[in-house]
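Some notes on the structure that comes next.
Derivation of every value follows stated rules applied to the coordinates shown; laboratory data play no part. Since we're looking at a predicted model, the values are computed, not measured. Neighbour counts run over all protein chains shown; Cβ positions are idealised from the backbone, glycine included.
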Amino acid sequence: MMRHFIFHKCASWGTLAVVLFSTCLAAPLLLAALPGETKEEMDKRMAWWREAKFGMFIHWGLYAIPAGQWKGRVVPGIGEWIMHHGRIPKEEYAQLQHQFNPVKFDAAEWVSLAKRAGMKYIVITSKHHDGFCLFDSKLTDYDIMGTPFKRDVLKELSAECQKQGIRLGFYYSIMDWYHPQAKGAEFPKYAEHMRGQLRELLSNYGKIGVLWFDGEWIGEWTEEQGRELEKYVRGLQPDLIVNNRVGKRTRGPGDFGTPEQEIPATGSPGWDWETCMTMNNTWGYRKDDHNWKSTSDIIHKLVDIVSKGGNFLLNVGPTAEGTIPQPSVERLFEVGQWLARNGESIYGTGPSPFRRLAWGRCTRKPGKLYLHVFNWPTGGKLVVPGLESPVTQAYLLVGGQKLPFRRAGENVEIELAAVRPDPIDTVVVLDIEGEPKVTQPSVVQTTGQPMVLHARDALLHGNRIQYEVGGGKDNIGFWTDPQDYAEWNLRVATAGQYEVQVTYACPNPSAGSDFVVEVLGQQLAGKVKGTGSWVAFKSESLGKVKLTPGRHILTVKAKNCTGEGVMNLQAVTLTPAN
């Protein structure tokens with residue numbers, strides 16, 4: 001692993017360049033991944049995965065033996081990339097095969113741990129970038145059967161997953177540092193070898209839930225090859241779910257997106273997605289990595305992801321002996337205990353109808369809102385903003401204690417005890433009538449003062465546009481489709497003329513896109529100027545509009561996209577001009 005949702009990392013042996021992966025070509029939402037597959041058929045195929053929400057990622061291979069060190073030297077970086085980062089010749093690295101003897105490996109223990117953690121599926125590295133196969137492959141001797149262990153661990157995991165009711169998936173790296181034909185002109189021969197191994201994986205291990213590709217960023221791999229490979233593996237198992245890294249685009253081919261080590265600020269509306277994340281700093285085992293995420297952090301991340309419509313694939317990196325590190329085990333048990341009590345609010349739920357909640361997150365099912373309270377209110381009142389739907393009752397999910405509630409203007413207020421029952425996440429359930437109806441919060445003007453419409457307060461429309469935060473960003477980004485747009489609700493207190501100013505960033509090569517700010521039927525046109533980078537924000541005045549007191553909607557829409565993206569929009573400011 002070493003790739004992100006926002007960036008593709010293009011790797012060769014000597015260089016690792018980061019390039020923005022985006023396109024300004026408008027593309028329709030891919031509701032059906034297979035040619036001829038209806039939305040209903042895709043929904044049926046994806047149903048178990050969408051219900052599951054939580055899975056275990058396992059990165060395991062020869063790299064667990066050096067565990068971050070080579071010949072007494074600490075090699076920086078993530079454990080499974082030690083061959084690359086340590087510049088270890090492949091012939092030398094391959095000798096680890098003769099040392100790999102995980103005598104403590106127990107498939108039943110691993111699957112039982114995932115089940116006790118509340119995980120519904122497992123995805124394990126059948127072959128990582130180093131080319132070593134954890135399965136019995138007839139197409140190479142560089143596999144588990146060529147080790148002192150001589151047991152097919154994927155076969156044993158497959159049997160245990162079937163026995164314990166857990167879905168099994170396989171990670172497979174398109175990039176291969178070991179195979180002699182995996183680079184350059186001979187790559188087509190390697191591609192045939194890869195197809196042969198995928199046929200083995202999809203023919204010899206029962207029904208596979210997910211095929212999780214990686215390493216697609218190499219120059220030899222093309223989008224067309226990705227689509228052909230997807231078609232090939234689906235021909236072997238038609239119900240297979242495939243991730244987007246079979247190709248080179250964030251959305252399609254494949255069934256779901258794969259943000260890595262991050263949670264998209266606004267999820268990925270209209271597209272299935274799954275955040276994959278480590279429990280410490282590395283995917284493959286490093287004996288010197290003790291930076292473990294807390295149980296509280298893991299639960300909050302799970303809830304955050306599910307509230308935005310995603311799945312959470314949480315990684316463990318077993319040791320060379322075949323044991324999962326004890327800190328991982330302890331945290332997974334504790335997460336499982338929380339899910340045993342609160343799983344109703346996670347499994348099979350839909351995303352939050354609220355744009356943002358100061359005290360936590362929300363998930364939902366028909367007729368129910370699950371309010372995940374991370375920050376217990378000091379005044380004893382939990383304020384649910386803008387909920388229009390009739391509420392029939394409020395109660396604690398654990399224990400069922402009924403809670404008093406009342407309407408308070410646009411909000412619903414729920415009476416809570418002074419002490420929260422669960423220090424990590426207490427779930428309050430609201431039974432509601434019909435689908436949840438929420439009035440999105442308005443930017444309210446203080447009489448005579450400017451109004452700043454921040455990116456984080458926008459309602460975003462479209463398939464690609466997203467709110468970004470961190471790394472110098474607090475803006476609307478991924479604006480690669482000119483059909484996407486941003487909208488704000490505002491409440492004006494003072495009538496009059498207002499100067500409209502936009503604050504944005506855009507690298508000079510991507511400048512030139514045309515856009516329009518519209519409010520109360522008035523339009524102000526702008527053309528994006530280069531600011532030097534995606535995080536070099538500058539402000540520009542577009543002109544004036546006339547506003548009347550009351551509620552209004554302001555939109556910013558693009559007319560075209562002339563570069564990698566329209567712009568990174570940080571804010572629109574309305575300043576009284578009289």
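All other residues whose Cβ lies under 12 angstrom from that of VAL398 are scored, Lys and Arg at +1 and Asp and Glu at -1, for a net of -1. Computed from Cα atoms, the angle from the helix 326-342 axis to the main principal axis of the chain rounds to 50 degrees.
Annotation: amide H-H contacts under 5 Å for VAL316 (H modelled 1.01 Å from N, sequence separation of 5 or more, or interchain): PHE57, ILE58, HIS59.
What percent does the relative contact order of the chain come to when contacts are Cα pairs within less than 8 Å and at least six residues apart?
Values: 1315 pairs, mean separation 72.4, N = 578.
Contact order relative to length: 13 percent.
Modelled this way, with points 7 Å down the Cα-to-C-beta line, the labels at LYS155 and ALA536 are 6.0 nm from one another.
So what's the net charge close to LYS557: Lys and Arg +1, Asp and Glu -1, counting the other residues with Cβ under 15 Å from its Cβ? Display every interim value, and only then the final one.
Values: positive: ARG464, LYS527, LYS559; negative: ASP481, ASP484, GLU487, ASP514, GLU518.
Result for the local shell: -2.
Inter-part distance, segment 423-467 to segment 157-185, computed on C-alpha centroids, equals 41 Å. Think of segment 120-251 as a dipole: +1 on every Lys or Arg Cβ, -1 on every Asp or Glu Cβ, centred on the Cα centre; then among TYR205, PHE170, TYR121, TYR121 lies furthest on the positive end.
Charges at C-beta only: +1 for Lys and Arg, -1 for Asp and Glu. How large is the resulting dipole of the chain about its Cα centre, in Debye rounded to 20? Write out the running numbers ahead of the final one.
Working: 65 positive and 62 negative charges, 161 e Å.
Dipole magnitude for the chain comes out near 780 debye.
Relative contact order (percent) for segment 40-145, with alpha-carbon contacts under 8 angstrom and 6 or more residues of separation? Display every interim value, and only then the final one.
Working: 105 pairs, mean separation 33.4, N = 106.
Averaging sequence separation for qualifying contacts and normalising by length gives 32 percent for segment 40-145.
Taking the three principal axes of the alpha carbon atoms in the chain, the coordinate ranges are 81, 59, 51 Å, sorted in descending order. Taking a ≥ b ≥ c as the square roots of the Cα gyration tensor eigenvalues, with a/c under 1.5 meaning rounded and otherwise prolate when a/b beats b/c, else oblate, which class fits segment 41-339? It comes out rounded by the Cα gyration axes.
For segment 121-280, rounded, prolate or oblate, judged on the Cα gyration tensor with a ≥ b ≥ c (square roots of eigenvalues), a/c < 1.5 rounded, else prolate if a/b > b/c? Here segment 121-280 falls in the oblate category.
Across segment 532-540, computed HN-Hα scalar couplings (Karplus, 6.51 cos²θ - 1.76 cosθ + 1.60, θ = phi - 60°) run x, 6, 6, 10, 8, 7, 9, 10, 9 Hz from first to last residue, x flagging Gly and Pro. What the phi angles of segment 56-70 give under the Karplus curve with 6.51, -1.76 and 1.60, with θ = phi - 60°, is a coupling list of 9, 9, 10, 9, 8, x, 4, 4, 6, 6, x, 6, x, 10, 9 Hz, glycine and proline written as x. Taking Cα centre as origin and charging only the Cβ of basic (Lys, Arg, +1) and acidic (Asp, Glu, -1) residues, the dipole magnitude of segment 41-339 rounds to 280 debye. Couplings for segment 105-110, taken from phi via the Karplus curve 6.51 cos²θ - 1.76 cosθ + 1.60 with θ = phi - 60°, read 5, 9, 4, 4, 5, 4 Hz in order; Gly and Pro are left as x.
This model, with +1 at the C-beta of Lys and Arg and -1 at the C-beta of Asp and Glu, gives segment 360-432 a dipole about its Cα centre of some 100 debye. Computed from Cα positions, the angle between helix 295-307 and the longest principal axis of the chain comes to roughly 60 degrees.
Expected output is a single nm value to one decimal: the length gained when fully extending between LYS402 and GLN483, i.e. 0.36 nm times separation in residues minus the C-alpha distance. What is it? Walk me through the numbers on the way to the answer.
Working: separation 81, 0.36 × 81 = 29.16 nm, distance 4.57 nm.
24.6 nm is the gain from fully extending LYS402 to GLN483.
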